[in-house]
Each structure stands twice: as structure tokens, then as C-alpha cells.
Amino acid sequence: MRVVLVSALAPPLPARARDDKSTPLWSPRRLTNTGLTGLPGGTPREPVRHCSAPEDSLFVFSSLNSYLFPGTVRSRDMSRKRHRLVPEPFGLKRRRERGDVEVDSLRGESGSARAAVAELVRLFPRVLFEDALPPIVLRSQVYSLVPDRTVADLQLKALQEQGEIRIIQLGFDLDAQGIIFTEDYRTRVLKACDGRPYAGAVQKFLASVLPACSDLSFQQDQMTQTFGFRDPEITQLVNAGVLTVRDAGSWWLAVPGAGRFIKYFVKGRQAVLGMVRKAKYRELLLSELLGRRVPAAVRLGLAYHVHDLIGAQLVDCVSTTSGTLLRLPET
């Protein structure tokens with residue numbers, strides 16, 4: 001192949017050569033008349049240099065065109081670069097928006113309280129308690145998925161009266177109430193009391209009291225006169241963890257082994273609140289919070305505690321273009 005080097009000091013084209021449009025640009029006649037260096041007809045005083053060039057005349061034409069009009073090649077290159085670069089930011093934006101929608105669905109919309117309880121039950125870490133504890137959902141967590149608290153309370157009350165769920169007092173706070181599906185409660189309590197001295201009293205309680213009374217607490221007259229329990233049997237129920245003392249002559253409904261859950265819950269709540277408190281301006285994007293490494297104190301999972309923080313109004317939810325922002329309330 002041979003490349004023809006064109007001198008920048010070539011003399012102007014003769015009038016006859018410029019007007020001769022019938023002769024192709026790459027013909028020897030035109031190249032001779034232009035006075036290009038290295039071709040016949042060039043300036044004798046200028047050195048003649050030769051190197052390999054393609055035999056194809058079309059390549060010669062395109063090379064000359066690129067030399068005479070370099071801006072066209074640069075424009076095409078820049079156009080191709082813009083074509084590659086422009087869609088990328090929009091593609092990132094679309095992916096980011098889809099991610100925000102998935103994360104923000106954690107907050108939920110107005111819906112069924114039963115569906116909310118069923119969804120929250122799936123977040124409960126059964127393996128942590130070796131499946132010995134029934135899945136416990138807090139009332140505050142239901143509020144995060146059913147923002148209308150009046151509707152949520154009415155639906156939970158209906159489920160309680162129908163015997164589908166049981167509500168227990170967790171004890172670490174007056175407003176802290178746990179929600180358990182009745183069948184899960186019955187199964188775990190029987191398993192926990194199997195082979196124990198108080199198994200008979202527990203079975204009697206599950207068969208007579210649980211289906212007939214949906215209250216959170218029980219009075220002594222109710223237990224002795226209505227359901228026929230003697231004082232020693234009530235003491236066995238307390239030892240089994242099915243009842244806890246509320247005051248003299250009154251007991252809360254309880255779950256055997258729930259103390260371990262309460263301990264993990266209180267520590268986890270404080271740890272997640274601390275993550276928001278330590279953030280800049282005491283606020284943190286929900287997506288960023290869920291994407292962080294889980295602290296050792298959060299044994300129940302970040303999502304489990306985030307539902308509690310939102311429903312208990314321990315953090316304010318602010319909608320932004322980047323997603324839901326969790327912010328500590330002004331004190």
C-alpha cells in the first residue's frame with residue numbers, strides 16, 4: 001500500500017483544472033494539474049517522497065476528503081459519542097426509580113389489618129427462637145401498613161372477637177401489645193408445656209378459656225367461678241408462662257418464653273433509632289437504612305424494627321424525590 005503525502009504549500013489550481021468537472025478527482029490528470037508534491041507535475045524544487053498506498057481509488061478519494069474536510073469526521077465521531085452517552089443517565093434514573101418504589105412499598109397503603117399481620121409474620125425470625133415461640137407482631141407495626149389507626153383497630157378488634165387472633169400485653173410499655181394468630185399460640189404453648197407437671201392445667205385453659213374469652217386479662221372470679229379453676233391450677237398457669245400477674249386477683253394473657261423476645265426487641269429498637277440519630281441532620285433515607293450492615297444488637301431484622309418505628313411514630317416519614325426519608329421528630 002502507498003500513502004500520498006499532500007503538501008500544504010501547493011500552488012492554486014489552474015482555472016482550466018478547476019472548471020473541468022468531468023474529470024474525476026482521483027484521476028492522474030487532475031492530480032498532475034493540482035501540482036501536488038510527489039506526483040508528476042509537482043514543483044521540482046520540493047522533495048518527492050513515496051510510501052505504500054492502496055490501489056483502490058475509492059480509498060484515495062475518502063482519504064483526500066478526510067484531509068480536505070476534517071470537520072466532517074470529527075462531527076460524526078462526536079455524534080456517535082453523544083449517542084452513546086446521552087441514554088446512560090436516563091437508564092440510571094429509571095433503575096433508581098424502580099428501586100425506590102420497591103423500598104417505599106415497606107410503608108404500605110390503607111388495606112386489610114389481617115393481611116398486614118400475615119405479612120409481618122413473615123418477617124418474624126422463627127429460626128432465632130428455634131420455632132419455639134409463636135410469631136409475634138406489634139400493633140404499632142400494623143399501623144405502618146394500615147395508616148388509618150381507627151380502621152386498623154376496628155379490624156383487629158373484629159379478628160379478636162372472632163377468635164382468629166390473640167392480643168397480649170408485652171409489658172415493657174403500656175402501649176406495647178403483641179398480636180398472635182390463635183392457632184400458632186395454641187400449638188407453641190402445647191409444645192412448650194408437653195411433659196411438664198402443669199401440662200394438665202394448660203390444656204384445660206386452652207380448651208375452656210381460650211375459645212370463650214378474647215380478653216387481654218382475666219379476673220379471679222372469672223377464672224374460679226366461670227371456668228372452674230382452683231387456686232393451685234392458676235398458680236400452675238403462672239408457672240407455665242401462660243399467665244402473668246397484672247395485680248392482685250388479675251392476670252395478663254402471656255406467651256411462654258416471651259421474655260427473650262422482649263429483650264431482643266427493646267435492644268433492637270434502640271439500636272435502629274441510634275442509626276437514625278447518628279446520621280447527618282438526624283435523618284436517613286429508608287433505602288440507605290435498609291442497605292446498611294445490620295448491627296449485632298438488631299437480632300429481629302431491620303425491616304421488622306422499621307415497621308415498628310414508623311407505626312409507633314418514633315420517626316417521621318417524609319416523601320422526597322430520592323425516596324422515603326426517616327427523620328427524628330423535633331423535641
- If you check V117 against the conditions, is it in contact with a helix residue (DSSP H, G or I) (Cβ under 8 Å, 6 or more places away or on another chain) and either modelled with pLDDT under 95 or open to solvent by 40 Å² or more (accessible area, probe 1.4 Å) (or both)? no
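Let me confirm something: among R139, R166, which residue is at pLDDT 95 or above, over 28 Å from the mean Cα position of the chain (by Cα) and closer than 27 Å to I262 by Cβ?
Step by step, each of R139, R166 is checked, and only R166 is at pLDDT 95 or above, over 28 Å from the mean Cα position of the chain (by Cα) and closer than 27 Å to I262 by Cβ.
Quick check on R186: is it surrounded by fewer than 19 Cβ atoms within 10 Å (Cβ to Cβ), modelled with pLDDT of 95 or more and touching a helix residue (DSSP H, G or I) at 6+ places or on another chain (Cβ under 6 Å)?
Numbers: surrounded by fewer than 19 Cβ atoms within 10 Å (Cβ to Cβ): yes; modelled with pLDDT of 95 or more: yes; touching a helix residue (DSSP H, G or I) at 6+ places or on another chain (Cβ under 6 Å): yes.
Yes; evaluated as a whole, the condition is true for this residue.
Give P125, P147, P197, P135 a once-over and let me know the one that is closer than 26 Å to A248 by Cα and touching a residue at least 12 places away in the same chain (Cβ under 8 Å). Please lay out each step first, then the result.
Working: P125 fails: closer than 26 Å to A248 by Cα; P147 fails: closer than 26 Å to A248 by Cα; P135 fails: closer than 26 Å to A248 by Cα.
It is P197.
Can you confirm whether the stretch 300-321 contains a residue that is touching an Asp or Glu at 6+ places or on another chain (Cβ under 6 Å), among the charged types (D, E, K, R) and not in a helix (DSSP H, G or I)?
Taking the stretch 300-321 first, the residues touching an Asp or Glu at 6+ places or on another chain (Cβ under 6 Å) are none.
Within the stretch 300-321, not a single residue is touching an Asp or Glu at 6+ places or on another chain (Cβ under 6 Å), among the charged types (D, E, K, R) and not in a helix (DSSP H, G or I).
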- Note on the structure: Of the residues in the stretch 233-250, those that are open to solvent by less than 50 Å² (accessible area, probe 1.4 Å), of a type outside the set (V, I, T), free of Cβ contacts under 8 Å to residues at least 40 places away in the same chain and outside any strand (DSSP E or B) come to E233, L237, G249
- Message: Consider the stretch 207-221. How many of its residues are surrounded by fewer than 17 Cβ atoms within 10 Å (Cβ to Cβ) and in a helix (DSSP H, G or I)?
- Response: 6
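So if I check each of D131, D173, which one is modelled with pLDDT under 95, under 30 Å from C317 (Cα atoms), under 43 Å from the mean Cα position of the chain (by Cα) and not in a helix (DSSP H, G or I)? Full working, then the answer.
Details: D131 fails: under 30 Å from C317 (Cα atoms).
One residue alone meets the criteria, D173.
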- Task: Count, please, the residues in the stretch 251-282 that happen to be open to solvent by 50 Å² or more (accessible area, probe 1.4 Å) and in contact with a Leu (Cβ under 7 Å, 6 or more places away or on another chain).
- Result: 4
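The values are calculated or read from the model by the stated rules, or taken from the named source; none is laboratory data. Computed from a prediction, not measured in an experiment: that's the story for all the values here. Cβ coordinates were reconstructed from backbone atoms using ideal geometry, including for glycine residues, and neighbour counts include every protein chain displayed. Accessible surface is based on the protein model in full, side chains and every heavy atom, while ligands, DNA and RNA are left aside. Shrake-Rupley method; radii C 1.70, N 1.55, O 1.52, S 1.80 Å.
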